[in-house]
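Nothing in this text is a laboratory measurement; each read-out follows from the coordinates by a stated rule. Just so it is clear, the structure is predicted and the values come from calculations on it, not from any experiment. Reconstructed Cβ throughout: ideal geometry from the backbone, glycine too, with neighbour counts over all protein chains shown.
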Amino acid sequence: MKKRLIKIFLSAALFGSQLQAQTFNNLFRTKDRMDNMEHTDFRKFSFGFYLAANNFDYKLNLDPKLGVDGNRNLVESKSSYSFGAGLIGRMRLNEIFDLRVEPGLHFVQRDLTFNTFDHVNELYPTGILLSDGNMSEVITNPGQEQINKKVKSTYIDIPILLEIHGDRWYNSRPYAAAGINYMVNLQSNETSESDNYQNVFRSTTHNFGWTAEIGIQFYFSRFKLTPALRGTFFTNNELVADKGTTPPYWSSAISTMQSRAFMFVLKFE
């Protein structure tokens, strides 16, 4: 009786292990599976589009006299979330490298807070000598529109990226990319005759930067989906100085101002 039970137990264990191994192979084996879009990576050119969730901010270097009070920064930048979209053009270089051009449009808003009024007034208690030789009265009771500046920007972004990718594993492939950007701010107000004294914040229209990106490409039966993380960093100073007749509460408190952006991108090709 015991021998029969042992045989039944061993037979059940063997059958269970075989069934488990067969189930594992059916679920996870990749050797005999068909790859999706097998020939798409061998095309010389391909195209698509992307959607992006953005977080833009300013990197500020403040004037040590007007923008800093001890260890306290008197100008602060607050980022906000926004969105963008664009097109994709890819050119295959070889089995490892691709060249990409991904022009896009990004809608951005950032908040700048100028807590400079009390500090500047302490430096110039009797009045502010302007660059044109005239004296300007201090502003003792600034309004909210003078303290808080909502800076809206619409960027046309034209990045050129060199992509390096790993080997394809079934229907996925990791990659990394880096390149340079040319960005046009359609809401820069660079040529405006008004400045911060009239509540108009000005920045440069034409900008340059660099981009780094990582992601994974997933191949489906009809399209390729790529979720990616991207960082874009401007290299030029975007600040346009206020006019010489404007008191130094705003742009004079900032030495350099450069945009930086972090994006989650979904690409469809």
For region 36-268, what does the alpha-carbon gyration tensor say about shape, rounded, prolate or oblate, given a ≥ b ≥ c as the root eigenvalues, a/c under 1.5 as rounded, and a/b over b/c as prolate?
-> prolate
Cleavage-rule hits (GluC sites (Glu not before Pro)) in region 140-210: DSSP loop, at most 10 neighbouring Cβ within 10 angstrom = Glu193
Global geometry of region 169-210, whether rounded, prolate or oblate, following the gyration tensor of its Cα atoms and the 1.5 cut on a/c | prolate
Using +1 on the beta carbon of Lys and Arg, -1 on that of Asp and Glu, and nothing else charged, what's the dipole of region 36-268 about the Cα centre, debye to 20?
-> 1100
Hey, how much of the P(r) for region 90-177 falls beyond 17 Å, as a percent of Cα pairs?
-> 71
In what sequence, highest mean first, do 257-265, 114-122 appear when ranked by Cβ atoms within 10 angstrom?
-> 257-265, 114-122
Sequence-distant or interchain residues sharing an amide H contact under 5 Å with Asn236, placed H: which?
-> Phe208
